[in-house]
Structure formats: C-alpha cells, structure tokens
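Below is one structure; the comments refer to it alone.
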Amino acid sequence: MKARTVSLRTTLVTGALLFVLWATSWSVSYVSLGPWSLAVALGIAALKAALVALFFMELVLEGAAFNFAIAAAVTLIAILIALMVGDVVTRAAPPLLPPRATHPLAQGAS
Amino acid sequence: MRDLALPAGHFEDLAQQRHAAKLGIGVFLASEALLFAGLFALFAAYQTEYPDAFHEGVLHNTKVLGSVNTGILLLSSTLVALSVHAARLARRRNAAVLLALTIALGLTFLTIKLVEYGTHFREGIFPGGAGSFFTDHADAGLPLFWTLYYVVTGLHAVHVTVGLTVLGFMLAGVLRGSIAPPVTYKLEIGALYWHLVDVIWIFVWPLFYLA
C-alpha cells in the first residue's frame, strides 16, 4: 500500500506563501485601518491556517473520517463564537423591568 | 527488532492501522481546538464589550517579539513537514536533522515567550489585574485583556512544551529506525500535533499583538 502524499514542491511553496502572508500581516498592522484592522488580520490568519491544514496536515489527501473530525471542530467553533458575540452585541441595557418610580407595583417594594 | 511491515495484532493490515491512528489524532486535535475555542470566544465577547481597552492592550504588547515568534513557528511547521517528506523517502539523516532543527526552533519560541513575560512583569502587569500597571491604568477592560493574554499564551506554551516532548520521541524513533517506511505515519501524527500548535498561534498573534 502506498498512500498518496503532498509533493515536496507543494510543501515548499506552502512554506513560502506562509512567510509572504506573515510579512503582509505584520506590515499591514502598522497601517491604521480602524475597525477593519482586526478583520484583515484575522482574514490573513484564516488563510494561513487553511494553508497549514490543507497542505502540511495534508487534509487535501486525507480520508473523509479525519476531515470530518476537523470540519466538525471548525463548525462548532464558528457557532460558539457567533452566538457568544451575538449575545454580547444584542444585550439591551435595562431589561424588561420598568423604571421603579413610574411603576405602581414597585411602590411598596424595598 | 519487530518487523515494521507487520501491523499490530488487532489490525488486519498497516493501511487499517494507519487509518485508525489518523482518525484518533484527528478527534484529539479537534478536541484541542475546541479547548482553545472557549478562550477565543471569551476574547471575542470581551473585545466586543471593551474595544478601547483591548486596543490599548494590543498597542502595549511586545509586538516585535510576538511577530518574530510567529515566524519561528511558521518555519518550524515547514521544517517538520519537510522532515515527514524525508522520512517517507527513507532519508533518515535528513529527517533527523530537520526534526532537531524544529525542536531548536520550538525552544527558541519558548525562550522568547519567557523574555516577553519578563518584560510584562517588570511593567507591573500580572494575571488577574494584579500589579502597579493597573493602578495607573484604571480601565476595567485592561485586566481582562492581560489575564486572557496570560491564560491563552500560557496554555499555548504548555502545548508547545508537550509538542517538543513528542518531537523528541519522534527524533529518537527516527534515529533508532523504528520510524521509517512503511510506518512513517507515526511521524506524521507527531507532526500533526505540532501543526495544530502552529495553527493556534496563527490566531493568537493577530488577536493579542496586531489588531
């Protein structure tokens, strides 16, 4: 049995691309992009992570079982972060209770 | 020595053994990613709540050291991938040298990390909002940023240490000849763990040092 492998050339090109992206991300961090700087930095990070996963971890050649485990983790992480940020962003300041002074039931409450 | 071409007794052949090993490390890496995901989610929530304090924290961080460390991990990941290539071609010496270089880079990463911690400690920045830095800078978000910084980078450093231990065993296996074709998948598995350590840092870097 001979398992297929990523070629040496692909590995070297991936390594080189990682360094190009690293230099890009570091340089761009000195440019003021306001709220976009985090998005750009994370976008480049996602690209680098994808390169490492696909060609160093050889996900391009791996069977469905291994890739399913990794894909499940990525999906769960996306759900976790989306819901958590969604929660923080949509929290309204005083929740359902009306202001005490104007509410008849609140008069006698301590 | 046991014939490397023979699978362990409970496997039908080497392909099945390799498949089981790969699936096992896949599930383990997924659980490791979820462990860090909890911390990243916490970062996302606090960053949304205290954007100014987190921006100030990033500006105050040791950007050059953190960025150099990123380059070191990227290079080490590339070298360990090349080591897998060499091992598959039965180039034992090349595989061993590349692994040794990877380990050296990992140790350099940890050394730089310690220098960073030393810099922060001297500035009076300690976990949990302790230290003189936080009496001078009263923003409520700053202790959260720096505590998360210590927890995330500390947990990552633990993983680097474990990864270095694993790579040490891999190096010994390559030198002894127990990791050689047709069972180089053992080295692949060690390398996969090291790549995960790299991927986690790829996200730690922009969050705590860049943006």
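The values are calculated or read from the model by the stated rules, or taken from the named source; none is laboratory data. Just so it is clear, the model here is predicted, and its values are computed rather than measured. A quick note on method: Cβ atoms are made from the backbone with ideal geometry, for glycine too, and the neighbour counts reach across all protein chains shown.
Taking into account only those residues within region A:22-35 that are more than 9 Å from chain B (Cβ to nearest Cβ) and assigned to a helix (DSSP H, G or I), which is farthest from B:I202 (Cα to Cα)? Among residues in region A:22-35 that are more than 9 Å from chain B (Cβ to nearest Cβ) and assigned to a helix (DSSP H, G or I), the one farthest from B:I202 (Cα to Cα) is A:S27.
The residues on offer are B:A104, B:A87, B:A81, and the sole one that is buried (at least 17 other Cβ atoms within 10 Å of the Cβ) and either over 17 Å from B:I202 (Cβ atoms) or touching a strand residue (DSSP E or B) at 6+ places or on another chain (Cβ under 9 Å) (or both) is B:A87. Name every residue in region A:54-67 that is more than 7 Å from every other protein chain (Cβ to nearest Cβ) and at pLDDT 95 or above, in order of residue number. Residues satisfying the conditions are A:L54, A:F55. Residues of region B:14-44 that are closer than 30 Å to B:F54 by Cα, at the interface with another protein chain (Cβ under 7 Å from one of its Cβ atoms) and more than 19 Å from the chain's Cα centre (by Cα): B:A44 alone.
Within the bounds of region B:1-13, is there any residue that is facing chain A (nearest Cβ under 9 Å) and either among the basic types (K, R) or part of a helix (DSSP H, G or I) (or both)?
No, region B:1-13 contains no residue that is facing chain A (nearest Cβ under 9 Å) and either among the basic types (K, R) or part of a helix (DSSP H, G or I) (or both).
Scanning for something among the basic types (K, R) and over 21 Å from B:G154 (Cα atoms), does region B:6-19 turn up at least one residue? Yes: one or more hits. What is the residue count in region B:41-73 for residues that are farther than 26 Å from A:L76 by Cβ, of a type in the set (A, V, I, L, M) and in contact with a Leu (Cβ under 9 Å, 6 or more places away or on another chain)? Total satisfying the criteria: 3.
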